[in-house]
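Note sheet for the following structure.
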Amino acid sequence: VYGYTLLEDEYPKEKDKAKQKALLDTAIVELNKSITIYPKFAPIYRFLGTAYEDKNDIKNEIKNFELNYRVSANPAIDLMKKLGSLYVVTGQYDKAINLLDTVLMRSQDESTYLNRGNSYFNLKKYPEAIKDFNKALEQNPKSIISYQNIGAAYINMQKYNESLEYLHKAEALDMRDLSTLNNLLIVYKQIGDKDKTKEYSDRIKAIKEGGNK
């Protein structure tokens with residue numbers, strides 16, 4: 001397939017930005033031509049999805065990865081994970097959950113549990129989200145984002161003691177992470193702990209001022 005040759009061989013080697021863009025556009029045209037000849041040849045859709053990813057055209061990236069998934073007799077697990085993450089990024093949370101359910105029947109990993117957990121979180125299904133974030137922690141006990149996300153879910157459930165437990169675990173992994181510190185500040189404000197509110201407010205200010213120097 002000529003479009004694939006352009007995409008995989010010539011496009012990455014070209015250093016001139018204008019010529020590189022022209023090669024990418026030509027590759028997309030040629031790959032679309034190939035689809036009219038081989039509409040059931042699943043790899044073409046993956047090549048096109050990758051080309052559209054390089055163009056930052058997420059709509060067509062998703063469209064072609066979806067077509068690859070539908071046409072493939074045995075869809076590649078990495079493509080399914082990528083498509084699931086794209087659904088999360090574009091706010092298609094129900095689609096993400098359905099696809100990632102299938103992924104997790106075949107393979108378990110931190111990023112997939114995080115993506116499905118984020119989908120549940122954004123749908124305000126916090127207990128389900130917490131389960132997935134804990135599963136992510138089983139895969140990676142030092143996953144700071146998993147601790148942060150569980151803490152945030154408990155904030156939204158107004159379970160502040162549970163939130164503090166997980167946010168302090170995140171803090172132990174990175175004492176200067178502003179996302180963790182901001183959420184700790186929120187919790188201490190909510191429970192009316194003035195001393196801790198001042199402590200975290202001062203720490204956040206110091207980190208921000210230090211970064212601006």
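In summary, helices (runs of 4 or more DSSP H) completely within region 104-188 and bearing 1 or more residues that are more than 23 Å from V89 (Cβ to Cβ) and either touching a residue at least 12 places away in the same chain (Cβ under 8 Å) or open to solvent by 20 Å² or more (accessible area, probe 1.4 Å) (or both) occur at 126-139, 144-156, 160-173. Can you find a residue in region 36-45 that is closer than 20 Å to S107 by Cβ and surrounded by 15 or more Cβ atoms within 10 Å (Cβ to Cβ)? Yes: region 36-45 contains one or more residues that are closer than 20 Å to S107 by Cβ and surrounded by 15 or more Cβ atoms within 10 Å (Cβ to Cβ). Figure legend. Inter-residue proximity from region 12-33: first residues within 17 Å of R46 (Cβ to Cβ), second residues open to solvent by 50 Å² or more (accessible area, probe 1.4 Å), beta-carbon distance below 8 Å, spacing 6+ or different chains. Indicated pairs: L24/D54; L24/K55; A27/Y4; I28/K55; E30/V1; E30/Y2; L31/V1; L31/Y4. If the condition is being small (G, A, S) and closer than 20 Å to N182 by Cβ, then region 123-165 contributes A129, S143, S146, G151, A152, A153, S163. Condition check for A96 on (1) surrounded by fewer than 22 Cβ atoms within 10 Å (Cβ to Cβ); (2) assigned to a helix (DSSP H, G or I); (3) under 14 Å from the mean Cα position of the chain (by Cα): one failure, at (1). Yes or no: A51 over 23 Å from V89 (Cβ atoms) and part of a helix (DSSP H, G or I)? When the stated conditions are applied, A51 does not pass them. Scanning region 67-84 for residues that are open to solvent by 70 Å² or more (accessible area, probe 1.4 Å) and either closer than 13 Å to Y45 by Cα or small (G, A, S) (or both) gives Y69, R70, A73.
The values are calculated or read from the model by the stated rules, or taken from the named source; none is laboratory data. None of these values were measured; they are calculated from a predicted model. Glycine also receives a Cβ, built like all others from the backbone with ideal geometry; neighbour counts cover every protein chain displayed. In case anyone asks, the SASA skips ligands and DNA or RNA and just uses the protein heavy atoms, side chains included. Shrake-Rupley method; radii C 1.70, N 1.55, O 1.52, S 1.80 Å.
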